[in-house]
Each structure stands twice: as structure tokens, then as C-alpha cells.
1. Would you mind getting me the FRET efficiency between SER105 and VAL78? Use the beta-carbon distance for r and R0 = 22 Å, nearest 0.05.
2. Would you mind calculating the relative contact order of the range 43-119 from Cα pairs under 8 angstrom and at least 6 residues apart, reporting the percent as a whole number?
3. Extension gain LYS85-MET118, at 0.36 nm per residue separation less the Cα-Cα distance, in nm?
4. So, counting K/R as plus one and D/E as minus one, what does the shell of residues with Cβ under 9 Å around LEU61 add up to?
5. Say each of THR67 and ALA97 gets a label point 7 Å from the Cα, pointing the same way as Cα to Cβ; how far apart are those two points in nm?
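The numbers here are math on the coordinates, done by the rules we state, and not lab data. All values derive from a computational prediction rather than experimental measurement. Neighbour counts run over all protein chains shown; Cβ positions are idealised from the backbone, glycine included.
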Amino acid sequence: MNLKKQLVAGIISLALPLAVWAHNHSNLDMQHSWIKLPVPGTMMTGGFITITNSGIEDEHLLSASSTIAKNTELHTMVMVDGVMKMREVEAGWAIPAGETLTLKSGGNHVMFIGLNTMLMEGDETTVTLKFKHAGDIERTFMVHKPEMAEMHKTEGHDHDH
């Protein structure tokens with residue numbers, strides 16, 4: 001093998017592990033991403049996803065963004081004077097190494113406020129999730145009725161695109 005071929009092979013062998021690492025999203029496994037079909041006449045809805053951090057370093061979901069609404073925020077549900085209320089979580093959520101963050105209806109979720117369009121069952125949209133270490137990750141979310149989303153989850157279906 002001549003020197004030029006050896007040099008090219010050496011560069012590729014050094015660059016390949018870096019390319020694989022760059023696409024691994026800090027060992028984040030994302031499943032069951034969906035958006036709740038909005039109630040007719042409302043201009044807001046929630047988005048849900050399960051994120052598992054299988055890495056050795058803690059991660060942090062900082063924010064979410066989307067083009068389907070004027071505002072996309074991270075929200076939680078809290079009890080205030082016996083009444084369940086929704087609150088923005090500006091600091092996001094930690095995802096410790098080896099643990100799972102589940103965004104679900106009635107709990108932590110992505111909130112889409114001021115929808116730009118009427119969402120229909122089966123529509124898909126891209127949501128960008130911003131993480132402390134992994135950076136921005138685009139994820140496809142599909143619009144479902146809540147009972148349909150649960151059925152897809154229990155059947156093992158996922159909309160990874």
C-alpha cells in the first residue's frame with residue numbers, strides 16, 4: 001500500500017468513531033412521541049414522549065420548539081389549593097444516567113400554545129428538543145387521540161421517522 005492510501009486509511013479510521021459518536025445523541029433513546037388531538041375549538045394541545053438516558057453522563061432537557069404553535073413550552077401539572085394547574089417549567093428536566101423521563105398526559109409534557117393550524121388525526125410534525133449535552137434533536141411527533149396513542153404504545157408501535 002502506498003503512503004497516500006495509508007494516510008487516507010488512517011484518517012478514516014480516526015474520523016469514523018467521531019462520526020458515530022456525533023450521531024448517538026448522548027445515548028438518548030426516544031420512544032412514543034405523539035401529540036394529543038386538540039379538542040375542537042381550542043388552540044392548544046400537549047405533546048408526549050419517553051426519553052431514556054442509557055449513557056454514563058446525566059442529561060437535561062432544556063426546551064422544545066415547533067412551527068405548529070406560536071409558543072412551545074415545557075409544562076408540568078401541580079396541585080394548588082386542591083385544584084390541578086398547569087405550570088411552565090423554564091428550567092426543564094434532568095435525565096440522570098440510566099433513568100427515563102416520561103412526558104405524559106396529566107403530568108410533565110410539551111405544551112403547544114396558539115396553534116397555527118388545525119391538527120388532524122395522523123398529522124405529523126417535527127419538534128426540536130434541546131438538550132444540555134446532546135444539543136438540538138429533531139423528533140417526529142404524530143397526532144393521535146389519547147386512546148389511540150396508548151394502543152400504539154402497548155402494541156410496540158412507534159413513529160420513529
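1. Efficiency, rounded to the nearest 0.05: 0.90.
2. 49 percent
3. Gain in length upon complete extension: 9.4 nm.
4. The answer is +1.
5. Placing both labels 7 Å along Cα→Cβ, they lie 3.8 nm apart.
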